[in-house]
Amino acid sequence: MSYFENCSLCPRYCRVNRYITIGECGVDAHIRYANALLYKGEEPPISGKRGTGAVFFSGCPLHCVYCQNFAFSQMAHGKTIDLAQLIDIYLALQRKGAWTLELVTATQYAPYIVASVEQARNEGLILPVVWNTSGYETAETLDMLKATVDIYLTDLISLDEDFCEHYIGAKHYPEIAKKAIKHMYEQKGNLQIDGEGRAKKGLIVRMLVLPENVNHIEKSLRFLSEEVSRFLSISVMDQYTPVYKAGEFPELSRKITVGEYGRALATVEEFGFENGWRQTHRLSEMPATKKVIQ
Ligand code: SF4
């Protein structure tokens, strides 16, 4: 595939030939994945009761010092497969009862994803396809994915340039992510859920609450509220764990507190969001939020 000979699949625009070398994402032109399983930990319309069929791909164009999936995203651990094997994985997850098909950090394989989902649909794949991404996407790649992806499940890591430069290795992330999220919203709109509670189409934006609010979540919420929509589905996540290189940064070397999570939820309420989820699985005490639904 010519996409891999002069790779510009993500905003790094490495322009390397991935048939002979690797790019900033750490992977060459072969499909590489770390795991494929039914996973119940996503938002309810994505996971359902039996779990989403999650495929975790190897490599990542970003370099978050606290990456929660560092073994396969930063160290590219995983197994090399071909297109036919990837299609088999999708169909096997569907046979196991997956509620949706979730492709996790797959940007660096986008042309393979388009081809594999199309072929899998010809072979009986009917699950909604979820694109789990960091929000670090180009308009060209999002356009390539338009007919393949039903739901964008994107992180909005931070809109603070200093944070992005120091902790995720991409000072330009805020500009890129803002454009990408607007583009995703134009493509898919607000989240649509069918009568069984399954996500069918739309956009969900996730924000991970970090210690001391180092990623300035209020900047992200202001952008979403003023430039996207306060009817957008948002997910405010409490599960930060200080892994990978986080220990080298004292401000990132602990979990968040109940108070920090509560302040993030209060900010969500201030901006008037109507739809979304908060998490309860790691915190024992929750503040009241009226507008963010569970
Ligand atoms: S997908 Fe990888 S090789 Fe291609 S532009 Fe992005 S980081 Fe570079």
Residue within region 82-94 that is within 16 Å of the ligand (Cβ to nearest atom), over 28 Å from VAL214 (Cβ atoms) and among the acidic types (Asp, Glu) present: no
Failed item, numbered, when LYS171 is tested on (1) assigned to a loop (DSSP other than H, G, I, E, B); (2) in contact (Cβ under 8 Å) with a residue 60 or more places away in the chain; (3) within 16 Å of the ligand (Cβ to nearest atom): (2)
Residue list for region 68-114, filter: crowded, with 23+ Cβ neighbours inside 10 Å, part of a strand (DSSP E or B) and among the β-branched types (Val, Ile, Thr): VAL104
Matching residues, region 144-165, being in contact (Cβ under 8 Å) with a residue 12 or more places away in the chain and part of a helix (DSSP H, G or I): MET144, LEU145, GLU161, PHE163
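Let's see how each residue does on (1) within 15 Å of the chain's Cα centre (by Cα); (2) touching a residue at least 12 places away in the same chain (Cβ under 8 Å):
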| site | (1), (2) |
| --- | --- |
| TYR3 | no, yes |
| ARG15 | no, no |
| VAL55 | yes, yes |
| CYS60 | yes, yes |
| GLN68 | yes, yes |
| ILE89 | no, yes |
Residue satisfying all of: in region 239-266; hydroxyl-bearing (Ser, Thr, Tyr) and surrounded by 17 or more Cβ atoms within 10 Å (Cβ to Cβ); nearest to the chain's Cα centre (by Cα) among these: TYR240
Odd one out for GLY276 among (1) at pLDDT below 95; (2) more than 16 Å from ILE151 (Cα to Cα); (3) surrounded by 15 or more Cβ atoms within 10 Å (Cβ to Cβ): (2)
Selected residue [touching a helix residue (DSSP H, G or I) at 6+ places or on another chain (Cβ under 7 Å) and either under 25 Å from ILE31 (Cβ atoms) or modelled with pLDDT of 95 or more (or both)] from LYS200, LYS171, LYS188, LYS96: LYS171
Extreme residue, nearest to the ligand (Cβ to nearest atom), among residues of region 19-59 that are part of a loop (DSSP other than H, G, I, E, B) and under 24 Å from SER233 (Cβ atoms): GLU42
Residues of region 221-248 classified as among the hydroxyl-bearing types (Ser, Thr, Tyr) and more than 18 Å from ASN190 (Cα to Cα), total: 3
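The values are calculated or read from the model by the stated rules, or taken from the named source; none is laboratory data. Given the structure is predicted, the values throughout are model-derived calculations rather than measurements. Note that each Cβ is placed from the backbone with ideal geometry, even for glycine, and that neighbours are counted across all protein chains shown.
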